[in-house]
1. Does any residue of region 202-219 turn out to be of a type in the set (S, T, N, Q) and under 22 Å from Leu76 (Cα atoms)?
2. Within the bounds of region 207-224, is there any residue that is of a type in the set (S, T, N, Q), open to solvent by 30 Å² or more (accessible area, probe 1.4 Å), farther than 18 Å from Arg6 by Cα and not in a loop (DSSP other than H, G, I, E, B)?
3. Could we say that Arg191 is open to solvent by 10 Å² or more (accessible area, probe 1.4 Å), within 13 Å of the ligand (Cβ to nearest atom), in contact (Cβ under 8 Å) with a residue 12 or more places away in the chain and outside any helix (DSSP H, G or I) here?
4. Restricted to region 45-56, and to residues that are at pLDDT 85 or above and in contact with a Leu (Cβ under 9 Å, 6 or more places away or on another chain), which residue is farthest from the ligand (Cβ to nearest atom)?
5. Name the single residue that is farthest from the chain's Cα centre (by Cα) among those in region 168-178 being open to solvent by less than 20 Å² (accessible area, probe 1.4 Å) and within 14 Å of the ligand (Cβ to nearest atom).
Amino acid sequence: MKGARRLRKLLDAMKVLGIDPDDLPPRGVVAEGGWGQLAHVIRTDEPLRDPVDLARFHDYLFETGKAPARELWQRLDPEGPLLDLGGGAGAYSAAFPGEAMLADTPDVLKLAKVHGKLLPLDLLNTARYPGDKGTVLLANVLHLFGEADCRAIVAKAAAALKPNGMLVVKDLDSTTAQGVLFALNMALFTRDGDVHPPEAVRRWMVEADLAEPQRLRLETSPESLVLAARKP
Ligand SMILES: C[S@@+](CC[C@H](N)C(=O)[O-])C[C@H]1O[C@@H](n2cnc3c(N)ncnc32)[C@H](O)[C@@H]1O
């Protein structure tokens with residue numbers, strides 16, 4: 001059924017929020033923008049244009065990413081160089097204890113707050129990512145895409161590693177309340193984006209010929225899923 005996947009995300013979010021469908025507000029009470037457009041988005045099965053202010057959004061991600069980035073690298077003790085795919089303004093590159101290459105779209109790279117190497121790169125339409133990396137990171141990126149694109153991105157990210165290098169995927173955990181609510185946002189604002197289940201992310205990593213991923217729980221970001229796997 002058209003819109004069924006987006007409707008499922010709404011029902012999941014209502015469950016998490018404890019909203020009974022019979023208690024929904026009457027017509028005209030719901031705000032016009034964002035979640036107020038849910039019914040329209042489900043009916044048309046077309047996402048809204050995200051009205052995000054790019055500079056403010058990346059400032060916010062940079063600031064909120066500082067603590068998890070610091071903890072992530074402290075706990076993993078990674079090897080360089082790092083390829084930070086969809087790295088935004090560079091919170092994770094800035095905290096990396098070694099050489100880092102920040103890859104994102106040209107518009108976003110203009111907002112980068114790191115002095116390392118900047119690489120304009122389209123995750124979807126680039127056949128190969130630059131190789132020989134000790135660590136490749138996908139932080140808060142896979143939720144923007146559907147399953148087929150995620151599988152392809154993870155495979156190319158794994159291929160960019162040198163032997164014994166490590167792919168790290170960090171995203172929201174779909175089993176947390178924050179993950180469920182964020183999945184509804186992705187259903188509203190992206191074509192196929194979703195907060196993917198931990199098992200799906202694990203499977204993409206194993207299918208990319210990486211060793212069994214290890215799960216890390218970040219004290220600074222308990223709502224996150226972090227999986228790290230090495231290239232044999
Ligand atoms: C939610 S942000 C995460 C930024 C950063 N990794 C962090 O965790 O703070 C997602 C990033 O993916 C980038 N991105 C989305 N689609 C992309 C594409 N096709 N190619 C390259 N980067 C892309 C966006 O520009 C954005 O910087």
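1. Checked against the condition, which is being of a type in the set (S, T, N, Q) and under 22 Å from Leu76 (Cα atoms), region 202-219 yields at least one hit.
2. Yes, some residue in region 207-224 is of a type in the set (S, T, N, Q), open to solvent by 30 Å² or more (accessible area, probe 1.4 Å), farther than 18 Å from Arg6 by Cα and not in a loop (DSSP other than H, G, I, E, B).
3. Yes.
4. Ala55
5. My answer is Val168.
The values are calculated or read from the model by the stated rules, or taken from the named source; none is laboratory data. The structure presented is a predicted model; accordingly, all values stated were derived computationally and were not measured. Every residue, glycine among them, receives a Cβ derived from its backbone with ideal geometry; neighbour counts consider all protein chains shown. In case anyone asks, the SASA skips ligands and DNA or RNA and just uses the protein heavy atoms, side chains included. Shrake-Rupley method; radii C 1.70, N 1.55, O 1.52, S 1.80 Å.
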